[in-house]
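Following this message is one structure expressed as structure tokens.
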Amino acid sequence: MIPSRVTLVEVGPRDGLQNESVPVGAAQKIELVRRLQAAGCREIEVTSYVSPKWVPQMADNAQVMAGIERRAGVRYAVLTPNLQGFEAARAGRPDEIVVFGAASEAFSRRNINCSVAESIERFAPVVAAAHAAGIKVRCAISCALGCPYQGEVSADEVERVVLLMRGIGVDHCGIADTLGVGTPRRVQAALARALRHFPAAEVSGHFHDTYGQALANIYASLELGIATFDTSIAGLGGCPYAKGATGNVATEDVVFMLHGMGIATGIDLDPLVDAGAFISGVLGRPPVSRAGRALLAKRGLAFA
Ligand code: HMG
Ligand code: MG
């Protein structure tokens, strides 16, 4: 059942950087994308087309999308919360867009300023417009394992939103543990609800690592045949509307684990570690990635 090949969607440039209060220049974001694709990342979430008043760090979305060096075989994704975002995103020629909803009403209101039902009404024309333009649509269902405002979130609540997303025709269903509170059996229970309505190839896990559970949760997902995960270079990330939650699971750590299990990713760990060191240098702190730090230390290059 455990897949022999896994696709990692690198979300560092978006999820990773959106939470940084110090502005990172477009040139540095473009350089990060260049390094990630040089390391073999084939799916990169580059930026988001959200309100610059809400998330100032993503205000340079158009500049970043225009500036990246496109490589054949690499797919570039962006977040679009509504038609306004989708229309703005089109000029950047994304291969994929992400509509992001939540399993909890309270988080939906804080993150995108509307109820779950209203969010689905907003996403429906975005999905239709993207499909008309030949663009694949992924959804993210936030707070699938817990909500900072509501607390517990049940698998029934997750499945409700999975069905709503399925109903408007999204192609791929991402189950997101925004807070990083999920543990393996609960993660399996949430994913099982997505697997009732989407094939395994179109279900992914997005695990923030706040409580150190993300690698275990990825292993638990592999046991269900899930072979796509969002990961973030150097372990960067967080959501501005989920205070206290830390970054996504670090790409370097996931690659280290998967390669150790004989599972292919197409990613070359050494240049990946370099990409992590690069962006950590820009941010002026060591990578959160344990594997990244260990490999840098082994090279005698402990992060200064
Ligand atoms: P709103 O205020 O309800 O929108 O925000 P509105 O339609 O009422 O418009 C109000 C103003 O926003 C107007 O501007 C619009 O032009 C502008 P004004 O006239 O006041 O100058 N506006 C936009 N500007 C740029 N791009 C747009 C856009 N839409 C409206 N697309 C909105 C609704 C969704 C825009 C807002 O709530 C928002 O931007 N939220 C940010 C959400 C966000 O980026 N969160 C982080 C990403 S999600 C995440 O991290 C979770 C994930 O990683 C999975 C996980 O871990 O859980 C994916
Ligand atoms: Mg996230």
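Out of the residues in region 195-216 that are surrounded by fewer than 24 Cβ atoms within 10 Å (Cβ to Cβ) and part of a helix (DSSP H, G or I), state the one that is nearest to ligand 2 (Cβ to nearest atom).
This residue is Leu215.
Take the residues of region 217-239 that are over 23 Å from Val282 (Cβ atoms) and among the aliphatic types (A, V, I, L, M): which is nearest to ligand 2 (Cβ to nearest atom)?
Here the answer is Ile218.
Next up: Which ones in region 162-191 are touching a Leu at 6+ places or on another chain (Cβ under 7 Å) and assigned to a helix (DSSP H, G or I)?
Arg186, Val187, Gln188, Ala190, Leu191
I'm trying to understand the selection: among the residues of region 235-265, which are assigned to a helix (DSSP H, G or I), within 16 Å of ligand 1 (Cβ to nearest atom) and among the hydrophobic types (A, V, I, L, M, F, W, C)?
Once the filter is applied, which keeps residues that are assigned to a helix (DSSP H, G or I), within 16 Å of ligand 1 (Cβ to nearest atom) and among the hydrophobic types (A, V, I, L, M, F, W, C), region 235-265 yields only Val254.
Can you tell me which residue is surrounded by the fewest Cβ atoms within 10 Å (Cβ to Cβ) among those in region 239-274 that are among the hydroxyl-bearing types (Ser, Thr, Tyr) and at pLDDT 95 or above?
Result: Thr265.
When you go through (1) part of a helix (DSSP H, G or I); (2) more than 11 Å from ligand 1 (Cβ to nearest atom) one by one for Arg71, which number turns out not to apply?
(1)
Every residue, every condition in (1) modelled with pLDDT under 95; (2) within 16 Å of ligand 2 (Cβ to nearest atom); (3) part of a strand (DSSP E or B), yes or no:
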site	(1), (2), (3)
Thr47	no, yes, yes
Tyr76	no, no, yes
Ala88	no, no, no
Arg93	no, no, no
Gly101	no, yes, yes
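Taking interchain pairs and intrachain pairs at least six residues apart, which have beta carbon atoms under 9 angstrom, with the first residue in region 126-151 and within 15 Å of Ile112 (Cβ to Cβ) and touching a residue at least 40 places away in the same chain (Cβ under 8 Å) and the second of a type in the set (Phe, Trp, Tyr) and away from ligand 2 (no atom under 13 Å from the Cβ)?
If the second residue must be of a type in the set (Phe, Trp, Tyr) and away from ligand 2 (no atom under 13 Å from the Cβ), the pairs left are Val126/Phe86; Cys139/Phe123; Cys143/Tyr149.
Name the single residue, out of those in region 34-78 being among the aromatic types (Phe, Trp, Tyr) and over 21 Å from Leu272 (Cα atoms), that is surrounded by the most Cβ atoms within 10 Å (Cβ to Cβ).
Across region 34-78, the extreme among qualifying residues is Tyr49.
Would you mind stating whether Phe107 is in contact with a Pro (Cβ under 9 Å, 6 or more places away or on another chain), within 16 Å of ligand 2 (Cβ to nearest atom) and part of a strand (DSSP E or B)?
Details: in contact with a Pro (Cβ under 9 Å, 6 or more places away or on another chain): yes; within 16 Å of ligand 2 (Cβ to nearest atom): yes; part of a strand (DSSP E or B): no.
So Phe107 does not fit the description; no.
I'm told Ala245 meets every condition in (1) aliphatic (A, V, I, L, M); (2) more than 29 Å from Ser4 (Cβ to Cβ); (3) out of contact with any Leu (no Cβ under 8 Å at 6 or more places or on another chain) except one. Can you identify the failing condition by its number?
It fails just one condition, (3).
List pairs: first residue in region 32-47 and at negative phi, second residue small (Gly, Ala, Ser) and part of a helix (DSSP H, G or I) anywhere in the structure, Cβ distance under 8 angstrom, at least six positions apart or on different chains.
Final answer for the pair search is Leu32/Gly12; Leu32/Ala275; Arg35/Ala275; Leu36/Gly12; Leu36/Ala275; Ala38/Ala275; Ala39/Ala275.
Applying the selection to region 119-144, what residues are closer than 23 Å to Gly205 by Cβ, away from ligand 1 (no atom under 15 Å from the Cβ) and assigned to a loop (DSSP other than H, G, I, E, B)?
Ile135
Restricting attention to region 282-304, report how many residues are touching a residue at least 12 places away in the same chain (Cβ under 8 Å) and assigned to a helix (DSSP H, G or I).
Result for region 282-304: 7.
The values are calculated or read from the model by the stated rules, or taken from the named source; none is laboratory data. Remember, predicted model here, so these are calculated numbers, not experimental data. Cβ atoms come from the backbone with ideal geometry, glycine included; neighbour counts cover every protein chain shown.
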